[in-house]
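Enquirer: Take a look at this one; I'll ask things after.
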Amino acid sequence: MDVATLRQQLSSQTPAMIYVILGTQGILQQQARDAFMNLIPEAERVMNVGSYDMETTPLSVALDDAMSAPFFGERRLVLINKPYFLTGNPAKVKVNHDLDAFKNYLEHPEPSTVLVLMAPYEKLDNRKGLVKELKKVAVEVSAAPLSEQDARHQVEQKLLGDGYRLENGAMDELIRRTNADYGLMMGNVEKLELLAYQSKRIKRDDVMGLVPQSLDENVFDLITAVLKRDQAKALDIYQQLLETNHEPLQLNALLVSQFRLLIQIKVLSKRGLSQGTLASRLKVHPYRVKLGMQTARRFQMNDLVRAYLGLIRCEKALKTTSREPELLFQLFMLQFALKSVG
């Protein structure tokens with residue numbers, strides 16, 4: 001089940017007793033939390049809503065709350081945040097959690113309590129017996145990052161519901177500038193609506209003027225300039241990025257990471273892997289894979305590898321010499337262009 005379906009069900013049906021909200025998309029986690037909060041009248045929330053962080057609070061405290069009857073209300077809501085003990089990740093904190101008591105609760109949940117596990121993780125450890133028991137009784141809701149298509153649809157629905165219309169190219173520009181990150185897209189919706197308050201029409205120029213281009217997008221433009229051997233444009237973008245307080249080592253590391261991704265995409269796409277499969281295997285957002293596939297098709301593997309190795313050498317020089325970053329990058333560009341010609 002996705003968060004949109006959850007919201008519809010909670011507004012029209014009796015809620016289940018146990019839910020798991022699983023996924024790393026922060027805005028979807030928040031939307032799910034808000035939907036559960038709406039189950040409890042505002043006047044009752046102080047007494048009938050409990051929220052517990054498992055990195056600081058013993059699980060037994062949350063379970064005691066869950067087993068209590070609602071106070072002058074129909075139901076109680078208990079939110080268990082960051083249940084890391086359900087994952088395969090090693091514990092970063094030392095909190096004593098009574099997992100046997102939790103297993104007992106799963107077998108005999110309190111009918112008047114809605115227990116929600118807010119799990120901001122990619123996955124749970126399905127090898128654990130507790131996770132297996134949880135999945136038998138809980139409703140699982142996905143808060144995983146949305147695909148480009150789903151993010152586009154959700155933002156369009158939000159804008160249409162608020163009475164706004166997107167002009168040609170506006171949504172494409174928003175997606176490009178945010179790398180199709182649903183959280184970033186929604187974070188800019190309010191600003192766009194304020195700008196277009198009178199006309200109710202959001203234009204591409206509005207998006208270009210209000211929504212800053214993401215660092216990844218700027219780096220992608222820089223990579224394209226490098227591969228096209230457009231030294232003037234590459235140096236201009238590089239200088240702009242330095243002027244916006246991006247550290248040279250951080251910027252070089254991003255370039256190395258992007259070229260590594262392009263090489264991986266080039267190799268794996270030749271094996272017939274789809275965009276979705278590539279995204280899953282490489283653990284990156286599908287939109288980045290989409291852009292990467294478009295770029296990888298336009299350039300030769302030799303150029304990708306040559307640029308990657310050149311940037312590795314540039315990183316070493318940044319760490320071991322006092323030469324100016326702009327000069328080192330310019331030297332990298334000259335060497336790349338000369339070897340390409342040769």
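Enquirer: Run the 1.4 Å probe and let me know the accessible area of Ile312, rounded to the nearest 10 Å².
Expert: Here the residue's solvent-accessible area equals roughly 70 Å².
Enquirer: Report the far tail of the P(r) of the stretch 269-312, meaning the percent of Cα-Cα pairs longer than 13 Å.
Expert: So the pairs more than 13 Å apart make up 59 percent of the total in the stretch 269-312.
Enquirer: Name the GluC sites (Glu not before Pro) in the stretch 1-82 that are in a loop by DSSP and that have at most 16 other C-beta atoms within 10 Å, would you?
Expert: Here the sparse-neighbourhood loop sites are Glu55, Glu74.
Enquirer: While we're on this one: Given 0.36 nm per residue, what is the gain on full extension from Asn168 to Arg281 after removing their alpha carbon distance, in nm?
Expert: Taking Asn168 through Arg281 to full extension adds about 37.3 nm, to one decimal.
Enquirer: Divide by every residue of the chain the summed helix terms, -39500 (n - 2.57) for each DSSP H run of at least 4, and state the resulting mean residue ellipticity at 222 nm, rounded to the nearest 500 deg cm²/dmol.
Expert: Helices in the chain give a 222 nm mean residue ellipticity of -18500 deg cm²/dmol.
Enquirer: Classify the stretch 35-165 from the C-alpha gyration tensor, please: rounded if a/c falls under 1.5, else prolate or oblate depending on whether a/b exceeds b/c.
Expert: Oblate shape, in that a/c is at least 1.5 and b/c is the bigger or equal ratio.
Enquirer: Could you give the angle, 0 to 90 degrees to the nearest 10, between helix 325-341's Cα long axis and the longest principal axis of the Cα atoms of the chain?
Expert: 60 degrees
Enquirer: Under 5 Å between amide hydrogens, which residues at least 5 positions from Gly50 or on another chain qualify, with H placed 1.01 Å from N in the peptide plane?
Expert: Leu77, Val78, Leu79
Enquirer: Here is a further query. Need the C-alpha centroid separation for the stretch 228-289 versus the stretch 7-51, integer Å.
Expert: 38 Å
Enquirer: Between their Cα atoms, which of Lys203/Lys290; Lys94/Lys283; Lys123/Lys266; Lys123/Lys283; Lys92/Lys135; Lys158/Lys200 are more than 18 Å away from each other?
Expert: Over 18 Å apart, Cα to Cα: Lys203/Lys290; Lys94/Lys283; Lys123/Lys266; Lys92/Lys135.
Enquirer: How about the stretch 137-177: which GluC sites (Glu not before Pro) there lie in a loop by DSSP and see at most 10 other Cβ atoms within 10 Å?
Expert: Passing sites in the stretch 137-177 do not exist.
Enquirer: Of the heavy-atom accessible surface of the chain (probe 1.4 angstrom), what whole percent is carbon and sulfur?
Expert: Roughly 50 percent, rounded to a whole number.
Enquirer: If you wrap a convex hull around the alpha carbons of the chain, what volume per residue comes out, as a whole number of Å³?
Expert: Considering the Cα atoms of the chain, their hull volume per residue is 183 Å³.
The values are calculated or read from the model by the stated rules, or taken from the named source; none is laboratory data. Quantities reported herein were computed from a predicted structural model and do not represent experimental measurements. Positions of Cβ are generated from backbone atoms using ideal geometry, with glycine treated the same way; all protein chains shown enter the neighbour counts. With ligands, DNA and RNA removed, areas are computed over all heavy atoms of the protein, side chains included. Shrake-Rupley method; radii C 1.70, N 1.55, O 1.52, S 1.80 Å.
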